[in-house]
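To start, the structure itself, in C-alpha cells.
The values are calculated or read from the model by the stated rules, or taken from the named source; none is laboratory data. The structure displayed is predicted, hence computed values, not measured ones. A quick note on method: Cβ atoms are made from the backbone with ideal geometry, for glycine too, and the neighbour counts reach across all protein chains shown. Ligands, DNA and RNA are stripped out before the accessible areas are found, and what is left, the full protein with its side chains, is counted by its heavy atoms. Shrake-Rupley method; radii C 1.70, N 1.55, O 1.52, S 1.80 Å.
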Amino acid sequence: MEGDFQKAVELVKSGTPKKNVDNKTKLEFYGLYKQSTVGDINTPRPSFFDSIGRAKWFSWSSKRGMGKEEAMRHYIDLSKKHY
C-alpha cells in the first residue's frame with residue numbers, strides 16, 4: 001500500500017491531469033495526504049484572514065479519525081480518477 005501511495009503522490013505532484021483539477025479536489029488531495037502521512041490534525045485553526053490556510057485546515061480536519069491505510073486508499077483512488 002505504501003508503495004502505491006508514494007507512486008500516486010509522485011503522479012499528482014508531477015503528472016498531467018486528465019482534465020483541470022478544481023480547488024475542491026486539490027483540497028481533498030491535501031487532506032488525504034496529510035491524514036496519510038501525519039494522522040489526525042495537530043495544528044490550531046488558522047486565523048480568519050488566512051483563507052488558504054483555513055481551507056487546508058478544514059480539509060485535513062474533515063478526515064479526523066480516518067485510518068492511515070484508508071486515507072491512502074482514498075488518495076490512490078482519487079489520483080486514478082484524475083491522473
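Mind listing just one residue for me: the one in the range 1-30 that is surrounded by 12 or more Cβ atoms within 10 Å (Cβ to Cβ) and of a type in the set (Lys, Arg) and, of those, nearest to residue 52 (Cα to Cα)? Per the criteria, the residue is 26. Only one of the listed residues (77, 40) is modelled with pLDDT of 95 or more, under 23 Å from residue 11 (Cβ atoms) and within 14 Å of the chain's Cα centre (by Cα). That residue is 77. Among the residues of the range 31-55, just one is open to solvent by 70 Å² or more (accessible area, probe 1.4 Å), under 19 Å from residue 69 (Cα atoms) and in contact with a Phe, Trp or Tyr (Cβ under 7 Å, 6 or more places away or on another chain), namely 33.
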